[in-house]
Amino acid sequence: MRLSLTSLFHESPFVNLQKHADMVRDCAHLFREAALKHIGGECEKFEEITDMVARLESKADGVKRNIRNHLPHGILMPVDKFQFFQYVREQDKVLDEVEEALFWLSFRPMGIPKEVAADFGDLVEAVIPPIEKLSDLVAMATVFFKNRTEKQRTRMKSLIQDIRQHENEADVLERELKQKIFQEIKDALSVFHLVRLIEIVGNIADHAQNASDRMRAMIAR
């Protein structure tokens, strides 16, 4: 018989997982703001927001370490520990890709070329919803692993499908933007930079989907 999380821990590991998910969501919002400032040529504001992301990522890293270091050994969890840690890893990878995208954006202080600036903004907007939904997913998981009702499982599966759909939409925008870059940007260095940049931005949504896939595995019967 599996025991509830509340009977196994003084504090559920999903409490800190929720804190981490909320920080990931907040970083995503800051990333969107920073990207829009960069597109608009507001370099100083871009740098300010980038610094805010770095500070928030540092706090999130502390929460991640707390999750990893305070799971008791030798006690049965209601989820597989390996799957749980894989979820934490993928959720944390979202932050890594956000920081990497901002780093690559900083290489172009003059902004994104006007030929693709609007499309790049659309891609940035497209990767935000799946990250926002991770916070909701963890909140649902906290309840599910206490009660394990089929209704809760069904709601989580629906949300996971929504995340997958958002990631697919971001993939389409990424492919279309790459094609446009090769058609309209003539400078080889700019082409390389932009293609790599949008791949990193696309990875943000990829890791959100990967995290949701790990959650789906944890709630599987």
field: the chain - convex hull of the alpha-carbon atoms, volume per residue in Å³
entry: 107 Å³
task: In nm, give the distance between the simple-model label positions of Ala139 and Phe82, each being 7 Å from the Cα along the Cα-to-Cβ direction.
output: 3.3 nm
field: Average Cα contact separation per residue, region 12-219, under 8 Å, 6 or more apart, as relative contact order %
entry: 32 percent
About the Cα centre, charge dipole magnitude for the chain (Lys/Arg +1, Asp/Glu -1 at Cβ), debye: 1320 debye
field: Protection-proxy order for peptides 96-102, 203-209, 107-113, each taking the mean of Cβ atoms within 10 Å per residue, highest first
entry: 203-209, 96-102, 107-113
message: Using the basic label-point model (7 angstrom from Cα toward the beta carbon), what is the Phe103 to Thr149 distance in nanometres?
response: 4.5 nm
field: Lys, Arg +1 and Asp, Glu -1 on Cβ, resulting dipole of region 146-221 about Cα centre, debye, nearest 20
entry: 740 debye
message: At 0.36 nm per residue, and after removing the present C-alpha to C-alpha distance, how many nm does the segment from Glu125 to Lys180 gain when stretched out fully?
response: 18.0 nm
- line: Checked region 79-207 against the a/c 1.5 cut and the a/b vs b/c comparison, axes a ≥ b ≥ c from its Cα gyration tensor; verdict prolate
- request: First measure r as the distance between the Cβ atoms of Lys114 and Lys45, then evaluate 1/(1 + (r/R0)^6) with R0 = 25 Å and state the FRET efficiency to the nearest 0.05.
  value: 0.85
- prompt: Could you give the length gained on full extension between Asn168 and Ala188, defined as 0.36 nm per residue of separation minus the Cα-Cα distance, in nm?
  reply: 4.4 nm
query: Given labels modelled 7 Å from the Cα in the Cβ direction, how far is it in nm from Arg55 to Asp96?
result: 2.5 nm
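Any read-out appearing in this document is the output of simple, stated calculations on the displayed coordinates, not a laboratory observation. Quick caveat, the model's predicted, so the values are computed rather than measured. Methodologically, a virtual Cβ is constructed for each residue, glycine included, from the backbone with ideal geometry; neighbour enumeration extends over all protein chains shown.
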